[in-house]
């Protein structure tokens, strides 16, 4: 791509600020054409998209306005098997949807931390947590390559279609490893490349903010996890991945190059 990392990061930040401040869903959502940065969705559209990527009707109940914007490529809280009392960290927490689902599982004795680099998303998520009255869910401003989280402090890390947006995925996974407790686990849903991306896709900024152009080759992800120190690594494509990806960009056959995957790993107990 002929733009630098900061330009890409700023484009992504502006795109998701627009998503946060408008009645919209971003390109990391089923049904969104990445030829435009933002597409207006109805509540029914968002519900349909959310169910397609793995959320249940029960998950969608009793959420504050715009906590769920139809973003993502899976449901990380469904695979994380969260336990009461655990400390959960969500990378790229957006409006707080997955954090609030995690809170239901970890209960009053657990803690949920969301990190997002977008001021408007942070404001939205903080407003939402006030509406819910949770005292053990907090949202921090930060980048996933440099987490504002202490060493060895988190039981579980989740993330939904965010790591692909980073230009420094090695740093993301190193930071995840740093903040995880010994025995902690990483369970994320993300888009990965399964074939070499065409140059016109790789160099399209809207495809970058749309969770396509930044996808890393799946075996490279495995290697990064191994080199970082993760064990019990699993990379599993979602059964309906082609349907999800095709709905984002119907006219470019991007589902031939990228897929929605569940990425799992854990940190050894000492």
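Any read-out appearing in this document is the output of simple, stated calculations on the displayed coordinates, not a laboratory observation. All figures in this text were calculated on a predicted structure; none of them were measured in a lab. Note: ideal-geometry Cβ built from the backbone for every residue, glycine included; neighbour counts use all protein chains shown.
Tabulated values for the structure
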| read-out | value |
| --- | --- |
| Cα point-scatterer Debye curve for region 85-129, base-10 log of I(q)/I(0) at q = 0.14, 0.15, 0.18 Å⁻¹ | -0.28, -0.32, -0.46 |
| Stretch gain in nm, segment residue 140-residue 51, where the contour uses 0.36 nm per residue and the Cα spacing is subtracted | 29.3 nm |
| Separation of the residue 223 and residue 251 label points, Cα + 7 Å toward Cβ, nm | 3.6 nm |
| Computed [θ] at 222 nm, helices only, for the chain once each DSSP H run of length n ≥ 4 contributes -39500 (n - 2.57) | -10500 deg cm²/dmol |
| Cα-based equivalent ellipsoid, the chain: semi-axes from gyration tensor eigenvalues, Å | 25, 22, 17 |
| FRET efficiency, 1/(1 + (r/R0)^6) with R0 45 Å, evaluated for residue 152 and residue 195 via beta carbons | 0.75 |
